[in-house]
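Following: one structure in structure tokens, then a few remarks.
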Amino acid sequence: MALSLVLQLNAVIQEDSKIILVDKSVVASHNDFAFKLASQTLKHENNTVFSPLSVHIALAMTALGATNDTQAELIHLLFSK
């Protein structure tokens, strides 16, 4: 989550001397997902450690293998504000 917050401010990743521009709307939707996930998770358990980025990536990979309504729901969950 810290990485995505930094990216939202800069919207740039430097990788092997290459500069990659990141669309701010993608970063914003990831941050929104991360905060919603954290608030829902921490409602039930205060002593929890998880990686919102890992959950986001796992659900994105699942969406790639899904079809029809399931895929649409996952995409909506991951990328809508």
Extended-chain gain in nm, criterion 0.36 nm per residue less alpha-carbon gap, LEU77 and ASP23
17.6 nm
Per the rule of 0.36 nm per residue minus the C-alpha distance, extending LYS36 to SER54 adds in nm 5.0 nm
Whole-Å distance linking the alpha carbon centroid of region 56-81 with that of region 30-50 is 19
Diffing region 58-69: the Karplus 3J(HN,Hα) column from phi (6.51, -1.76, 1.60, θ = phi - 60°), in whole Hz with x for Gly and Pro, holds 4, 5, 5, 5, 5, 4, 5, x, 7, 9, 6, 5
Could you calculate the contour length gain from HIS44 to LEU64, that is, 0.36 nm times the residue separation minus the distance between their Cα atoms, to one decimal place in nm?
4.2 nm
Would you kindly find the accessible area of LYS43, with a 1.4 Å probe and non-protein molecules such as ligands, DNA and RNA excluded, rounding to the nearest 10 Å²?
140
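The values are calculated or read from the model by the stated rules, or taken from the named source; none is laboratory data. All figures in this text were calculated on a predicted structure; none of them were measured in a lab. For the accessible areas, the whole protein counts, side chains as well, though only heavy atoms, and no ligand, DNA or RNA atoms are used. Shrake-Rupley method; radii C 1.70, N 1.55, O 1.52, S 1.80 Å.
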